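Presented below is the structure to which this report refers.
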Amino acid sequence: MLKQRIITAAVLVPIALIGFFLLDGAAFALFIGAVVTLGAWEWARLAGYTQQPARVGYAALVAVLLVLLFQMPAFVPWLLSAAVVWWLAATYFVLTYPGSQRHWGGRNGSLLIGLLILLPAWQALVVLKQWPQGNWLIVAVMVLVWAADIGAYFSGKTLGRRKLAPQVSPGKSWEGMIGGLITSLLITLAVGLYRDWLARELVLALLGAATVVVISVVGDLTESMFKRSSGIKDSSQLLPGHGGVMDRIDSLTAAVPVFTVLLWLAGWAAW
């Protein structure tokens, strides 16, 4: 298993770096769109559709919607606002699972939820790429999420006692989440001090980083919730040793849209 994980990572990391830093415009949108489309194929299974025609059909629908969104930038604020509302609702669903299942709307409702998860994540990355220092903004949100994951793993393994969401993901603890949050905040603080941010800028950055990290945990738990409901361990086996695409991007699907909206509210750039 470890060997598979290393080999898969060795292949995927260069591809990801090339896609993020060397592609622009339509090529970048297509690159991210391919990942999101694979995620849609997996999500259909999490929604309860196990037959390939239905899963491929859902992935094709998502691909078509991505093309339409790319041609209609006026929908950006609406789509990202919908994402913020969804992730607030997802927080409630996670905290009240399994009772919250009655609010999902069955299999078709779960497919709609998939659109609220996948489409804004793609849109937010496309928007970030177009903004000033776009590449570094993308790196920044990923570092926040990955640092939180690493910090949560070690602090949870060492100090974890109280379960964060036992009905959804028994392995996660409050201590782990707090450890991950502190890790990301320390990185944010270090960057702010290095770049000589004003006190107000530093406080806003720390608050924003905390929001992004917390919502990334909700993204992780949301996929876990749907996997548990479907009796599935991994979203797929597309990535040997790592599970599926959704297993790798679940936290980012929540973090990236919220990160983008926060930057917009801070006046970083316009839509």
Worksheet item: Taking the Cα-to-Cβ direction at Lys233 and at Trp174 and moving 7 Å from each Cα, how far apart do the two end points lie in nm?
Response: 3.1
Worksheet item: Per Stokes-Einstein, at 20 °C and 1.002 mPa s, what whole-number D in µm² s⁻¹ belongs to the chain, with the Kirkwood radius over Cα pairs as the hydrodynamic radius?
Response: 112
Worksheet, complete the sentence: Per GNM of the chain with C-alpha springs under 10 angstrom, the most fluctuating residue out of Ala47, Ala90, Ala74 is Ala74
Practice prompt. Just add up the charged neighbours of Thr253: K/R +1, D/E -1, any other residue whose Cβ is under 13 Å from the Cβ of Thr253.
Written response: -4
Worksheet item: Helix hunt in the chain: which complete DSSP H runs extend at least 15 Å axially by C-alpha with mean Kyte-Doolittle at least 1.6?
Response: 2-22, 76-95
Worksheet item: With r defined as the distance between the Cβ atoms of Trp146 and Leu189 and R0 fixed at 25 Å, what FRET efficiency is calculated, to the nearest 0.05?
Response: 0.90
Discussion item. Suppose the chain between Trp271 and Val56 were pulled fully straight at 0.36 nm per residue; how much longer would it get relative to their current alpha carbon spacing?
Written reply: 74.2 nm
Fill in: Rounded to the nearest 20 debye, dipole of the stretch 2-265 from Cβ charges on Lys, Arg, Asp, Glu
680
Worksheet entry | Listed residues Pro132, Pro120, Pro77, most fluctuating in the chain (Gaussian network, C-alpha, under 10 Å) | Pro132
Worksheet item: Taking the chain as a Gaussian network, where each spring joins two C-alpha atoms under 10 Å apart, which residue of Leu207, Leu144, Leu185 fluctuates the most?
Response: Leu207
Practice prompt. Hand me the trypsin sites (Lys or Arg not before Pro) from the stretch 104-172 located in a DSSP loop with no more than 12 other Cβ atoms within 10 Å, in residue order please.
Written response: Arg161, Arg162
Worksheet item: By counting other Cβ atoms within 10 Å of each Cβ, how are Tyr49, Tyr153 ranked from fewest to most?
Response: Tyr153, Tyr49
Response to the item:
With a Förster distance of 35 angstrom and the Cβ-Cβ distance between Gln71 and Thr211, calculated FRET efficiency to the nearest 0.05 equals 0.70
Practice prompt. Quick one: which residues, 5+ away or cross-chain, put their amide H under 5 Å from the amide H of Ala165? H built at 1.01 Å from N.
Written response: Lys172
Worksheet item: Given only helices, namely DSSP H runs of n ≥ 4 each adding -39500 (n - 2.57), what is the per-residue ellipticity at 222 nm of the chain, to the nearest 500 deg cm²/dmol?
Response: -27000 deg cm²/dmol
Response to the item:
Taking 0.36 nm per residue of separation between Tyr92 and Tyr153 and subtracting their Cα-Cα distance, the length gained on full extension comes to 19.6 nm
Item to complete: Give me the number: length gained by fully extending Gln167 to Trp78, i.e. 0.36 nm times residue separation minus the C-alpha to C-alpha distance, one decimal in nm.
Response: 28.8 nm
Fill in: Cβ-defined net charge surrounding Ala54, 10 Å radius [Lys, Arg +1; Asp, Glu -1]
+3
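Only the coordinates and a few stated rules stand behind these numbers; no lab work does. Being a predicted model, the structure only gives us computed values, none of them experimental. Quick reminder, even Gly has a Cβ in these numbers, built from the backbone with ideal geometry, and neighbours come from all protein chains shown.
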